[in-house]
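Colleague: Following this message is one structure expressed as structure tokens.
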Amino acid sequence: MKKLQIGIMGSAEDLNYSKDALMFAKELGKEIAQSGNILVYGAEKEYSSLSTNAAIEASKYGGITVGITYGKKKDVYGEFRPTVLIPCGLEIGGGREFTLILSCDVIIAIGGGSGTLTEMAIAYQANIPIIAISNFKGWSKKMTNKYFDDRKRLKCIEAKNPKEAVNTAIKLCE
């Protein structure tokens, strides 16, 4: 059975996400690892993020993690290193998001600012399913059960807990 590449997109540390959002992201990482699938995320260079915390937790449970970082070097924030680290040579807001999203079979968005919005829009354009967590402020909540435009390609499917998010991701890719 093919392992899915499940992307986790979400708030960076500078958006001051809540402790509940952090715990959710960690539980999501654990669920992905235990499902036997691969967690893909944007590996940051300047600060942590909900996505990074999900990857750290996935690795604690033996999960495979793939970090897409910007620029040409393999330097990332903190001590954690994903199973695979890919420096895409592109910058944030200048292409890294395309490499990140197109590496995913499905994405799960938690909170999020402009970067997460960009990633969700790219997924929509590429017909990559989007699961939007509605529990926390940010673009994932704003886009829950909505389409990005009148083409109505894919609705951002709501999930309220990590297990539901991962199970929905798997079902959408079957």
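Colleague: Would you point out the residue of segment 1-34, among those that are surrounded by fewer than 22 Cβ atoms within 10 Å (Cβ to Cβ) and either of a type in the set (Lys, Arg) or in contact with a Pro (Cβ under 6 Å, 6 or more places away or on another chain) (or both), that is farthest from Val106 (Cα to Cα)?
Modeller: Residue satisfying both the conditions and the ranking: Lys19.
Colleague: Something else: Name the residues in segment 39-57 that are over 14 Å from Lys137 (Cα atoms), crowded, with 23+ Cβ neighbours inside 10 Å and in contact with a strand residue (DSSP E or B) (Cβ under 7 Å, 6 or more places away or on another chain), would you?
Modeller: Leu39, Val40, Tyr41, Gly42, Ala43, Ser49, Ser51, Thr52, Ala54, Ala55
Colleague: Would you list the strands (runs of 3 or more DSSP E) that sit entirely within segment 45-116 and hold 2 or more residues that are closer than 22 Å to Lys3 by Cα and modelled with pLDDT under 95?
Modeller: In segment 45-116, there are no strands (runs of 3 or more DSSP E) which contain 2 or more residues that are closer than 22 Å to Lys3 by Cα and modelled with pLDDT under 95.
Colleague: Here's a follow-up. If the Cβ limit is 9 Å and pairs must be 6+ apart or interchain, which residue in segment 155-174 that is hydroxyl-bearing (Ser, Thr, Tyr) pairs with which residue that is surrounded by 15 or more Cβ atoms within 10 Å (Cβ to Cβ) and not in a helix (DSSP H, G or I)?
Modeller: Thr168/Val106; Thr168/Ile108; Thr168/Pro129; Thr168/Ile131; Thr168/Ile157; Thr168/Glu158; Thr168/Ala159
Colleague: Six or more apart or on different chains, Cβ atoms under 8 Å: show the pairs whose first residue is in segment 132-145 and in a loop (DSSP other than H, G, I, E, B) and whose second is among the basic types (Lys, Arg).
Modeller: Qualifying pairs under 8 Å: Ser134/Lys141; Ser134/Lys160; Asn135/Lys141; Asn135/Lys160; Asn145/Lys155.
The values are calculated or read from the model by the stated rules, or taken from the named source; none is laboratory data. Remember, predicted model here, so these are calculated numbers, not experimental data. A quick note on method: Cβ atoms are made from the backbone with ideal geometry, for glycine too, and the neighbour counts reach across all protein chains shown.
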